[in-house]
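FYI, it's all coordinate maths here, none of it is from the lab. Quantities reported herein were computed from a predicted structural model and do not represent experimental measurements. Heads up, the Cβs are rebuilt from the backbone with ideal geometry, glycines too, and the neighbour counts pull from every protein chain shown.
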Amino acid sequence: MNLKEALKGKLTEKELQLLRRSFEIIGDIAIIEIPPELEDKKDLIIEALLTIHKNLKTVLQKTGEVSGTYRVAKYRILHGYETETTCKESGCVFKLDPTKVYFSSRLATERERIRDLVNDGEGILCMFAGVGPYPIVIAKKKNVRITGIELNPKAYEYFLENIRRNKVEDRIEALLGDVKEVIPSLGEKFDRILMPSPFIAEDYVYLLPHVVDRGTIVHYYTLAGEEDEKELPNKVERALSQYRMKSKVLFFRRVGSYAPRVNRYVTDIEIKDIELQ
Ligand SMILES: C[S@@+](CC[C@H](N)C(=O)[O-])C[C@H]1O[C@@H](n2cnc3c(N)ncnc32)[C@H](O)[C@@H]1O
């Protein structure tokens, strides 16, 4: 049963139309957006959510979009009080508090796609690692060495705990800091680089020459208007060429929507050549 079905007969047809069918479940927390016209129907909506998902402890209303350096949305607690939870994804567990760190369960399929591309033995760099979902999902299945960098101290704390909980301590090194400062001091080239922060990735392309070699694969996440979708691979190749990297986009796809007619995209790029300065 979905939310609309659960509310049939309790809300008018017009109100049901206003209700977004989708809501996100992270562990035992539900995150829902409620349009202003339905503000006075909150109790009915919470009741319906608790009927559909019996194990929910907390219901959060999203009151503001993901924003700020740490990319955290604004929430109001509608039900319960605990905002820390543990969720399962792809055979891994993640502890996190969505009111303090970024996490989206909607990216699970994308993380599995990347994991399945990885070969044993690879050295991988994950910029903007958050609470660690990309590194951990990969390291749980593949014998790799991953360096993950995260700036938000709270997300870093969860990243460390999630590494321990998933028993991948020997495969992942978590670093707290700004990629701008950490990357130039790594002194290492990687087989694969993940840039999973579409809102800001563009500003960090200039760091890639420190860590790529010929053959490195970069998974680059970005935002683009629907009308620019076809041009995206060329745009990404041009962005890299500004920093002396010749590259080829191997694959690109939409990984979700960001705003009306603006989507999140991933491009998988192979570094073909890099000019020495
Ligand atoms: C959109 S979130 C993605 C987190 C994670 N990759 C995920 O998918 O769950 C972007 C993350 O980058 C972190 N961040 C922002 N600027 C950063 C920087 N300059 N260096 C390192 N991390 C940064 C934020 O704190 C946030 O956790």
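The packing ranking of peptides 145-158, 222-235, highest mean first, is 145-158, 222-235, where packing means the average number of other beta carbon atoms within 10 angstrom of each residue. What FRET efficiency, computed as 1/(1 + (r/R0)^6) with R0 = 25 Å and r the Cβ-Cβ distance, is obtained for R238 and E24, rounded to the nearest 0.05? The calculated FRET efficiency here is 0.10. Extension gain, E15-S257: 0.36 nm per intervening residue step, less the Cα-Cα distance, totals 84.7 nm.
Along region 151-168 the Karplus relation, 6.51 cos²θ - 1.76 cosθ + 1.60 evaluated at θ = phi - 60°, assigns HN-Hα couplings of 8, 6, x, 5, 5, 4, 4, 5, 4, 4, 5, 5, 4, 5, 4, 9, 6, 10 Hz to successive residues, with x for each Gly and Pro. The antiparallel fraction among DSSP beta bridges confined to the chain stands at about 60%. With Cα atoms as the point set, region 219-277 shows a radius of gyration and Dmax of 12.3, 42 Å. Between D273 and Y206, full extension at 0.36 nm per residue minus the direct alpha carbon distance yields a gain of 22.6 nm. Its Cα centre serving as origin, region 3-83 has a Cβ charge dipole (Lys and Arg +1, Asp and Glu -1) of approximately 120 debye. With viscosity 1.002 mPa s and temperature 20 °C, the Kirkwood radius over alpha carbon pairs of the chain converts through Stokes-Einstein to a diffusion coefficient of 107 µm²/s.
Convex hull volume of the Cα atoms of region 88-212, normalised per residue: 98 Å³. With the simple spin-label model, which puts each label point 7 Å out from Cα in the Cβ direction, the K57 to Y81 separation comes to 1.2 nm. Structural size metrics of region 3-83, computed from C-alpha coordinates, are Rg and Dmax of 12.8, 43 Å. Averaging 1/r over every pair of different alpha carbons in region 121-277 and inverting the result gives a Kirkwood radius of 16.0 Å.
In this structure, K4 and K88 have a Cβ-Cβ separation that, at R0 = 35 Å, corresponds to a calculated FRET efficiency of about 0.85. Spin-label model, E188 to E173: label points 7 Å out along the Cα-to-beta-carbon direction sit 0.4 nm apart. Cross-link reach is defined here as a Cα-Cα straight distance under 18 Å, omitting same-chain residues fewer than 8 places apart; for K142 the aspartates and glutamates meeting it are E89, E110, E112, D116, D120, E122, E169, D170, E173, D191.
In the chain, helices alone account for a calculated mean residue ellipticity at 222 nm of -7000 deg cm²/dmol, with every DSSP H run of four or more residues adding -39,500 (n - 2.57). Over 29 Å apart at the Cα level, from the set K140/K230; K62/K167; K62/K230; K180/K272; K88/K272, are K140/K230; K62/K167; K62/K230; K88/K272.
The simple spin-label model puts a point 7 Å past each Cα toward its Cβ; for K154 and D213 those points are separated by 3.9 nm.
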